[in-house]
1. For ASP195 and ARG78, what is the calculated FRET efficiency with R₀ set at 35 Å and r taken between the beta-carbons, to the nearest 0.05?
2. Pairs of Cα atoms under 8 Å, at least six residues apart: use those to get the relative contact order of the chain, whole percent.
3. What value, in deg cm²/dmol to 500, does the helix sum -39500 (n - 2.57) over DSSP H runs of n ≥ 4 give at 222 nm once divided by the residues of the chain?
4. Looking only at SER181, SER82, SER68, which one moves most when the chain is put into a Gaussian network model with springs between Cα atoms under 10 Å?
5. Percent of Cα-Cα pairs per 10 Å bin, from 0 to the last occupied bin, for segment 1-103, please list those.
6. Would you mind getting me the FRET efficiency between GLU50 and ALA172? Use the beta-carbon distance for r and R0 = 41 Å, nearest 0.05.
7. Roughly speaking, to the nearest percent, how much of segment 107-238's 1.4 Å accessible area is carbon and sulfur?
8. Using 7 Å Cα-to-Cβ label points, what is the ALA203/THR157 separation (nm, one decimal)?
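The values are calculated or read from the model by the stated rules, or taken from the named source; none is laboratory data. If you're wondering where the values come from, they're calculated on a predicted model, not measured in any experiment. Note that each Cβ is placed from the backbone with ideal geometry, even for glycine, and that neighbours are counted across all protein chains shown. Surface areas here come from the heavy atoms of the whole protein model, side chains and all, with no ligands, DNA or RNA. Shrake-Rupley method; radii C 1.70, N 1.55, O 1.52, S 1.80 Å.
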Amino acid sequence: MTVPALVLVAHGTRSRSGVETVAALADAVAARVGPVRTAFVDVLGPSPSEVLSGLSGLAVLVPAFLASGYHVHTDVPREVESSGHRRVTVTRALGPDPVLARILEHRLRESGWRPGDAVVLAAAGSSDPRARHDVRRAAALLSARVRRDVPVGYIATGTPTVADTVRALRTAGERRVFVASYLLAPGLFHTRLADAGADGVTAPLGAHDAIADLVAQRYRRAALSSRTPPAVRHSTVP
């Protein structure tokens, strides 16, 4: 039986360190499940369509996104369709997930956060209500770990902004406010967080081993369910 090819799809960035982070994640996943092809929906190439066009047999596409917005619901299906590849299973996005909440808490502690300090979850933002819902779920998962309410602030699209949320917390009497960067890799969005007025900003989630495990899990479960898929399908497995 042919083993399905794994295509890891990320957003794309002009940041060299951001590209290196995605490459490091792909390498870490490859160490767990075998060869990984990487594709990008914006800024960089190759596109998912280009990668899929060069494959034969089964393929599993894992969207390396932290919320399911326009890229997951529109860009990815369009790319799969335009590739002409008819035996593709698309898993759900990486987030929200308890695994990511654990990493966020770890990143907070690395940044100097202490229990009791206020936390803002900083997300890129989206006009898609499904993505905003996913971000709120991610904030709830992190809230359970830090044992206090975690409001959301947006970096690029949506309100309130991260800076507005930080200011609101200080006005409410919070002495120390930390920003949890809900971004996968470094880039322009992450650099903007330095101006949010917080006492500390976490590093992006990055090519963490637990994220590589999560991608591998998505792939293995989808691969088992897609041995004889009749056409393009979206996986419902976690």
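1. Approximately 0.50, to the nearest 0.05.
2. On the way: 495 pairs, mean separation 60.4, N = 238.
25 percent.
3. Values: 8 runs with 96 residues, N = 238.
Mean residue ellipticity at 222 nm (helix-derived): -12500 deg cm²/dmol.
4. Looking only at SER181, SER82, SER68, the largest GNM fluctuation is found for SER82.
5. With a bin width of 10 Å, the distribution comes to 15, 48, 33, 4.
6. On the way: r = 49 Å, r/R0 = 1.20.
The formula returns an efficiency of 0.25 here.
7. Values: 3250 of 6400 Å².
Accessible surface attributable to carbon and sulfur in segment 107-238 totals 51 percent.
8. A separation of 2.9 nm, rounded to one decimal place.
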